[in-house]
Amino acid sequence: MKTRVWIMLVLAVAVISMSGCKKKDATVKEPEAKPEAKEIGQMSANKESFGITPDGKQVDLYTLTNTSGIRARITSFGAILVSLEVPDRDGNLADITLGFDKLDGYLGEHPYFGAIVGRYANRIGKAAFKLDGIEYKLAANNDVNHLHGGIKGFDKRVWRLEDLSVKGAGAVVKLSYISEDGEEGYPGNLACSVTYTLTEDDKLQISYEAETDKKTVVNLTNHSYFNLAGQGTGNILGHELMLNADKYTVVDEGLIPTGENRNVKDTPMDFTTPMTIGSRIGQVEGGYDHNYVLNSGGGTLALAAKVSEPTSGRVMEIHTDQPGVQFYTGNFLDGSVTGKAGKVYQKNYGFCLETQHFPDSPNKPDFPTVVLFPGQKYSTVTAYKFYTK
Ligand code: GLA
């Protein structure tokens with residue numbers, strides 16, 4: 001009897017101590033998992049609904065995050081970059097792009113906030129060009145000229161989701177769109193894709209690809225308006241800008257290049273050494289809205305621009321393989337648009353650096369070619385790199 005009680009006691013102690021061990025194990029493991037750290041910045045790619053277009057098409061909103069906490073939101077409507085939250089020198093996030101909180105804003109008239117612009121970004125003079133002796137007439141939506149792909153450009157189309165994932169390169173969303181033969185006047189069915197990749201080293205990279213079944217012209221860009229102090233907080237005249245360009249394309253009254261590439265030296269156009277955007281803007285009629293000829297010549301990924309904002313310490317570098325960049329200082333913003341968080345966008349509240357081929361290239365044989373042949377692949381990259389100082 002005594003032995004049986006003894007054995008039971010020993011067993012009970014063993015069971016209690018084992019369960020104790022288990023508990024101990026669980027508490028030991030918790031700190032290793034660092035749940036708080038994961039919540040702040042785990043690399044992720046998610047999808048939610050952004051609404052429905054008037055013609056009944058479902059529109060999505062994709063969110064990419066990286067471990068520094070950078071968050072980029074992209075919608076399938078116009079492949080638009082809806083927001084981009086980036087830390088300042090104290091680690092505080094702010095949304096540094098202009099735009100709208102809801103799909104409704106993007107469905108209405110707006111000056112291409114965050115949009116992917118195509119089939120031809122920027123202007124084509126007299127809304128026409130020739131290929132192999134055939135004249136193609138495009139939609140004239142900027143007086144007599146064609147601007148940013150026409151009346152219903154790529155910025156107003158619903159793109160298809162091809163990939164939403166986290167992989168070695170980063171958090172990725174890839175969207176595609178097929179622009180049909182004759183759309184806005186362009187020849188050839190053009191199959192396009194745009195891939196946004198948010199990397200672990202704080203870069204938002206946009207890659208563009210396209211293929212055609214008929215000779216055509218292509219020039220794709222992203223039309224984000226940036227304010228590195230935070231969207232809607234004021235004008236961008238105090239931002240410091242460096243443009244890696246010794247020349248710009250001179251334009252006529254309709255902003256169509258005359259064909260002359262002029263040296264920026266000793267003029268208010270010169271940003272080869274860093275200068276505040278506002279320092280000489282008063283000497284440029286209407287403000288900056290010019291295509292700069294990048295010193296790299298295009299073809300390989302190279303530094304095109306560097307912008308820094310003194311109060312937040314945010315710095316943005318733009319690297320591109322394109323030969324040009326349109327520097328635009330939001331000259332047409334006039335307080336008539338209310339954007340994200342109820343902010344009213346006044347003149348110069350954002351700047352754009354649209355990496356691109358030169359305006360009116362289809363009519364300028366001396367400019368780098370924008371012609372795409374069947375069997376050829378259009379493939380370009382622009383990367384926006386963020387850090388603080
Ligand atoms: C581009 C053009 C500008 C203007 C804006 C949109 O940057 O160069 O002239 O059309 O787009 O408002």
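The values are calculated or read from the model by the stated rules, or taken from the named source; none is laboratory data. All figures in this text were calculated on a predicted structure; none of them were measured in a lab. Cβ sites come from the backbone with ideal geometry, for glycine too, and all protein chains shown count toward neighbours. Note: accessible area is taken over every heavy atom of the protein model, side chains too, but ligands, DNA and RNA are not part of it. Shrake-Rupley method; radii C 1.70, N 1.55, O 1.52, S 1.80 Å.
Based on Cα contacts under 8 Å between residues 6+ apart, segment 282-335 shows a relative contact order of 45 percent.
The residue among Pro87, His148, Ser312 whose Cα reaches farthest toward the positive pole of the charge dipole of the chain, with charges on the beta-carbon of Lys, Arg, Asp and Glu, is Pro87.
Overall shape: oblate for segment 159-292, with the ratio a/c of the largest to smallest alpha carbon gyration tensor axis at 1.5 or above and b/c at least equal to a/b. Ordering of 162-169, 134-141, 57-64 by packing is 57-64, 134-141, 162-169, highest average first (other Cβ atoms within 10 Å, averaged per residue). Accessible area ranking (1.4 Å probe, heavy atoms, ligands and nucleic acids excluded), largest first, for Arg160, Arg119, Arg73, Arg262: Arg160, Arg262, Arg73, Arg119. Normalised by the number of residues in segment 213-345, the average gap of Cα pairs under 8 Å and 6 or more apart makes the relative contact order 26 percent. Summing charges over neighbours of Gly182, with a neighbour being any other residue whose Cβ is under 11 Å away from its Cβ, gives -2 when K and R count +1 and D and E count -1. The H on the amide N of Gly51, modeled in the peptide plane, is under 5 Å from the matching H of Val59, each at least 5 residues off or on a different chain.
At the listed q of 0.07, 0.09, 0.13 Å⁻¹, the Debye profile of the chain, built from one uniform point per Cα, gives log10 I(q)/I(0) equal to -0.35, -0.53, -1.07. Rounded to the nearest 10 degrees, the angle from helix 2-33 to the longest Cα principal axis of the chain is 20 degrees. Taking each of Lys203/Lys389; Lys247/Lys389; Lys174/Lys203 in turn, the alpha-carbon distance tops 22 angstrom for Lys247/Lys389.
Accessible surface ranking for Ile151, Ile96, 1.4 angstrom probe, highest first: Ile151, Ile96.
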